[in-house]
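Colleague: A single structure is presented below for examination.
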Amino acid sequence: MRLLVVEDHPVLGPQLKRGLERCHYLVDLVTSGEEALMRERDVLYDLIILDIMLPGLSGREVCRQLREMHQQVLILFLTALGTVEDRIQGLDLGADDYLTKPFDFRELEARVRALLRRDGTPKTAVLSFADITLDTRTHEVRRGERVVALSSKEYALLHFFLRHPHEVLSRTTIAEHVWDYDAEQFSNVIEVYVRYLRNKLCMAGEPNVIQTVRGSGYQLKESGS
């Protein structure tokens, strides 16, 4: 899952980026509304965490312009402006959620999970396919009764596959959501991590469910189907 944090505070911005990366998200950080609009035009984000009081273009204006461009990206306002009128205005502009500062990071993480579950995924914290389960709260992955220990990138890759079962996912699509935007320039990175993930999921002799679609990418599907 790829997130954009728009926050100009020199301490809070990097803290948000590091905290969300520890939760296995791919996170970009920008410090102005103008940068946010430029990034959103170039990168397909799953969610934007947006401050309102930004230098130059305000967060409200960023939200308004995105909705006028019919961009359906999820938007969570994270701001010190906490009156009822502020929250109403933010939601009326098209934001999907509104959280005021100061805040507990655990609540921010929970709201991010809840918003991402709205976006076409099952309304549950546990993603599953065949005998594979991934708990987005604890980050525990199981194959049947066996716990599977994954690196951060392996977890992010499996999470993306589980959100798109049976879809053929190109290497470019995977790179944009699991790696940095230019990761597709490294020809074998995705192939290597898919192999790592397959090996760990099939360590006890289980069937492979990550199929290579020659010339197109990868597909999560039952072996032999």
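The values are calculated or read from the model by the stated rules, or taken from the named source; none is laboratory data. As the structure is a computational prediction, the values presented were derived from the model and not from experiment. Don't worry about glycine lacking a Cβ; one is built from the backbone with ideal geometry, like all the others, and counts go over all protein chains shown. Remember, those area values only see protein heavy atoms, side chains included, never the ligands or the DNA or RNA. Shrake-Rupley method; radii C 1.70, N 1.55, O 1.52, S 1.80 Å.
Colleague: Quick one: which residues, 5 or more positions from residue 167 or on another chain, have an amide H under 5 Å from its amide H? H modelled 1.01 Å from N in the peptide plane, none for Pro or chain starts.
Modeller: 220
Colleague: Continuing with the same structure: Give a quick list of trypsin sites (Lys or Arg not before Pro) in the range 195-225 that DSSP marks as loop, anything other than H, G, I, E or B, with at most 15 other Cβ atoms within 10 Å.
Modeller: Here the trypsin sites (Lys or Arg not before Pro) that fit, given the DSSP loop and packing criteria, are 214.
Colleague: Quote the FRET efficiency, to the nearest 0.05, computed for residue 167 versus residue 88 with a Förster distance R0 of 35 Å and r equal to the Cβ-Cβ distance.
Modeller: Efficiency for this residue pair is about 0.40.
Colleague: Would you calculate, for the chain, the mean residue ellipticity at 222 nm contributed by helices, counting each DSSP H stretch of 4 or more residues as -39,500 (n - 2.57) and dividing by all residues, to the nearest 500?
Modeller: Here the helix-only value at 222 nm equals -11500 deg cm²/dmol.
Colleague: Tell me, what ³J(HN,Hα) does each residue in the range 84-92 have, in order and in whole Hz, if you take phi through Karplus 6.51 cos²θ - 1.76 cosθ + 1.60 with θ = phi - 60° and put x for Gly and Pro?
Modeller: 4, 4, 4, 5, 4, 4, x, 5, 5
Colleague: Find the centroid of the Cα atoms in the range 123-162 and in the range 11-75, then give the distance between the two in whole Å.
Modeller: Value for the Cα centre distance between the two parts: 27 Å.
Colleague: Here's another thing I want to ask about it. As I understand it, the value is the acute angle between the Cα axis of helix 152-163 and the longest principal axis of the Cα atoms of the chain; what does it come to in degrees, rounded to 10?
Modeller: Approximately 90 degrees, to the nearest 10.
Colleague: So with the 1.4 Å probe, I'd like the accessible area per residue for the chain, rounded to whole Å².
Modeller: Here the residues of the chain average 48 Å² of exposed surface.
Colleague: Dipole of the chain, Cα-centred, from +1 at each Lys and Arg C-beta and -1 at each Asp and Glu C-beta, to the nearest 20 debye?
Modeller: Dipole of the chain, to the nearest 20 debye: 800 debye.
Colleague: So, one more: Taking amide H positions as placed 1.01 Å from N in the peptide plane, with prolines and chain starts having none, which residues 5 or more places from residue 148, or on another chain, fall under 5 Å of its amide H?
Modeller: Under 5 Å from the amide H of residue 148 lie the amide H atoms of 141, 142, 143, each far enough along the sequence or on another chain.
Colleague: At 1.4 Å probe size, with no ligands or nucleic acids counted, give the accessible surface of residue 69 in Å², nearest ten.
Modeller: Counting only protein heavy atoms, the figure is 80 Å².
Colleague: Calculate what fraction, in whole %, of the accessible area of the chain sits on carbon and sulfur atoms when a 1.4 Å probe is rolled over the protein chains.
Modeller: Result for the chain: 51 percent of the exposed heavy-atom area is carbon or sulfur.
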